[in-house]
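S.K.: Dropping the structure in here first, questions after.
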Amino acid sequence: MTNNLKKTPLNEWHRNAGANMADFGGFDMPLWYDSGVKNEHLAVLKSAGMFDTSHMDCIRVQGKDAPALLDFCFTRQIRDLLPGRCVYGAFLDDLGHCIDDAIVYKFSELRFMVCVNAGMGAMVTGHLTLHSGGKSVEIINLSEQLAKLDVQGKNALKIVSGLVRDKEDVFGKMPYFSFKGDLDPDAPNGVRLVDGTPVIVSRSGYTGEFGFEIFIAPDKVENLWCDLLDAGTPYGLMPCGLGARDSLRAGACLPLSHQDIGHFPFINHPWEFALPFKAGTRQFTKTFLGAESLINLEQPSFTYAFAGDSLRKVAAGDASRVLTGQGQDIGRVLTCATDMGIFWHEDRIVSINTPNLPQGVKIKGLACGFVMVNQPLDMGTRLTLAEGKRKIDVRLVSDIRPDRTARLAIKNFQ
């Protein structure tokens, strides 16, 4: 089975490091290392962790009509995006169902890069091509032409900046969801490592915590990975697998594509910031593929975030049901993970990064995730998640892990 899986350029390193490997999106990927998911999760919250994300695909979209094509196919407004900024959104079909979520990077008025999930490069490239008829646009699938790793956590800047040339210029002003650099060696505003390797450094990630995503040529990524581990030794930088990535993104109230979002309408969920609503209305600011279907749903569903009362969790999927206090089955569990950095205190969730955390508060971790139900519910509603005879009590919340660091000004980490 493993022989049929794709491998990232870091695959041999992971195996030599004793990682527990498994199939993820058709790739042989590390789930965790000897340190274990709990310690890897906490490393990101307390200091820093590093993830191999080279399984993700990238697509270049460029040309006179590139902005118009992306504005029609992507849920977020692209024309108004400034060069050097990136934005999270989704590609929908005409039913308003999510093909994949993605981040779009704007290099110039006519040149963009789209980062999609593992194995989705060909599908999203085909989707864009299908809707590009007659337009002046070039769409290039860059799958396997780029590698990527993420350094996440409050010490990420201290670790990464030492390996980058002209670090004051690169990191002096870098707001959340901005990026610098280009993999084109002749790019006028390129970012280079100290050894001269061109990279793209993006102040983004999928953990909810401060950090960076770094795009680099595949034959250079192992050297960077090892150099970062050396630079991160004083800070306890820990290599992290997909287990911690999943628990961190769930605690950060972020969806997993093809699980929390997928072949159902992309609306009535915690990620409506990815839709172009007119302020104070349920109307959209632009025309985009799937918009009409989202507005005219006949049988809407509703996705909510939840937090449990303890670490206990159930399996995600149709085998686990969502029950009201009266025992009515109203839906299914999309994600159920454990964020080890949070707990309830005086009827609110606190985290290990909550300022002025009262003395004696023990952070034990909580089950958390997302449910899809067939009716609108109020925040705070208590539900039971049932998997066979196993049942856990949860309540609906508007957010999960508080005091996340991702959006804080970069000066807080210098």
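S.K.: Round to a whole number: what % of the accessible area of region 248-296 belongs to carbon and sulfur, probe 1.4 Å?
M.R.: 53 percent
S.K.: While we're here: Tabulate in residue order the Karplus-calculated ³J(HN,Hα) for region 88-105, using 6.51 cos²θ - 1.76 cosθ + 1.60 with θ = phi - 60°, rounded to whole Hz; enter x for Gly and Pro.
M.R.: With coefficients 6.51, -1.76 and 1.60, one gets 8, x, 9, 9, 10, 8, 5, 8, x, 7, 7, 6, 5, 8, 7, 10, 9, 10 Hz.
S.K.: Oh, and also: Assuming R0 = 35 Å, can you tell me the calculated FRET efficiency for the pair residue 94 and residue 279, based on Cβ-Cβ distance, to the nearest 0.05?
M.R.: E(calc), rounded to 0.05, equals 0.85.
S.K.: Stretch residue 79-residue 217 to full length: gain in nm at 0.36 nm per residue minus the Cα-Cα span?
M.R.: That pair, residue 79 and residue 217, stretches by 46.8 nm at full extension.
S.K.: For region 12-26, in order, what is each residue's ³J(HN,Hα) by Karplus, 6.51 cos²θ - 1.76 cosθ + 1.60 with θ = phi - 60°, in whole Hz (x at glycine and Pro)?
M.R.: Coupling constants for region 12-26: 5, 4, 4, 5, 5, 7, x, 5, 7, 9, 7, 6, 9, x, x Hz.
S.K.: Put +1 on the Cβ of each Lys and Arg and -1 on the Cβ of each Asp and Glu in the chain; which of 273, 308, 259 then has its Cα farthest toward the positive end of the dipole?
M.R.: 308
S.K.: Turning to a different aspect of this structure: Farthest toward the dipole's positive end in the chain, which of 320, 91, 67, given Cβ charges of +1 (Lys, Arg) and -1 (Asp, Glu) about the Cα centre?
M.R.: Most positive-ward Cα: 320.
S.K.: Also: So how much slack lies between residue 176 and residue 311, counting 0.36 nm per residue of separation and subtracting their Cα-Cα distance, in nm?
M.R.: Additional length available on full extension: 45.5 nm.
S.K.: Then there is this: Students often get this wrong, so check it: of 313/389; 7/106; 364/391; 106/286, which have C-alpha atoms separated by over 23 Å?
M.R.: Numbers: 313/389 13 Å; 7/106 28 Å; 364/391 19 Å; 106/286 19 Å.
Pairs exceeding the cut-off: 7/106.
S.K.: Let a ≥ b ≥ c be the square roots of the eigenvalues of the Cα gyration tensor of the chain; is it rounded (a/c under 1.5), or, if not, prolate (a/b larger than b/c) or oblate?
M.R.: Here the chain falls in the oblate category.
S.K.: Another question about this same structure. Once you have the Cα-Cα distance between residue 195 and residue 409, take 0.36 nm times their residue separation minus that, and quote the gain in nm to one decimal.
M.R.: 74.2 nm
S.K.: Setting aside same-chain residues fewer than 8 positions from residue 158, which aspartates and glutamates have a Cα under 16 Å from its Cα?
M.R.: Once the sequence-local aspartates and glutamates are set aside, what remains near residue 158 is 150, 166, 168, 169, 209, 213, 227, 230.
S.K.: Hey, with R₀ at 25 Å, roughly what FRET efficiency would residue 286 and residue 381 work out to, going by the Cβ-Cβ distance, to 0.05?
M.R.: Once rounded, the FRET efficiency stands at 0.15.
S.K.: Hey, any idea what % of region 51-112's accessible area is carbon plus sulfur with a 1.4 Å probe?
M.R.: 53 percent
S.K.: Could I ask something else about it? From the Cα gyration tensor of region 326-397, with a ≥ b ≥ c the square roots of its eigenvalues, which class applies: rounded if a/c is under 1.5, or else prolate if a/b is larger than b/c, or else oblate? Each step should come with its number before you reach the end.
M.R.: Details: a/c = 2.53, a/b = 2.03, b/c = 1.25.
Prolate, since a/c reaches 1.5 and a/b exceeds b/c.
S.K.: Further question on the same structure: By the gyration tensor of its Cα atoms, with a ≥ b ≥ c the square roots of the eigenvalues, what is the shape of region 286-414: rounded for a/c under 1.5, prolate for a/b over b/c, or oblate?
M.R.: In terms of gyration-tensor shape, oblate.
S.K.: What percent does the relative contact order of region 124-236 come to when contacts are Cα pairs within less than 8 Å and at least six residues apart?
M.R.: 29 percent
S.K.: While we're looking at this one, here's another question. Students often get this wrong, so check it: of 278/411; 167/220; 64/180, which have C-alpha atoms separated by over 29 Å?
M.R.: The answer is 278/411.
S.K.: As an exercise, use a Förster radius of 45 Å and the Cβ-Cβ distance of residue 395 and residue 187 to find the FRET efficiency, rounded to the nearest 0.05.
M.R.: Working: r = 49 Å, r/R0 = 1.10.
Rounded to the nearest 0.05, the efficiency is 0.35.
S.K.: In nm, give the distance between the simple-model label positions of residue 138 and residue 259, each being 7 Å from the Cα along the Cα-to-Cβ direction.
M.R.: The modelled label-to-label distance comes out at 3.7 nm.
S.K.: If you project the alpha carbons of region 212-352 onto the principal axes, what extent comes out on each, in Å, largest first?
M.R.: So the extents along the principal axes, rounded to whole Å, are 55, 41, 31.
S.K.: Averaged per residue, what accessible area in Å² does the chain show with a 1.4 Å probe, protein chains only?
M.R.: 43 Å²
S.K.: Would you list which lysines come within 16 Å of residue 6, measuring only between C-alpha atoms, while excluding same-chain residues fewer than 8 positions from it?
M.R.: Those lysines meeting the cut-off are 148.
S.K.: Another one. Taking a virtual spin label 7 Å from the Cα of residue 226 along the C-beta vector, which residues in region 168-199 bring their backbone nitrogen under 19 Å of it?
M.R.: Answer for this model: 193-198.
The values are calculated or read from the model by the stated rules, or taken from the named source; none is laboratory data. Bear in mind the structure is a predicted one, so any value in this text is a computation, not a measurement. Here the Cβ is made from the backbone with ideal geometry for all residues, glycine too, and neighbour counts use every protein chain on show. Areas reflect the complete protein model, heavy atoms only, side chains present, ligands, DNA and RNA absent. Shrake-Rupley method; radii C 1.70, N 1.55, O 1.52, S 1.80 Å.
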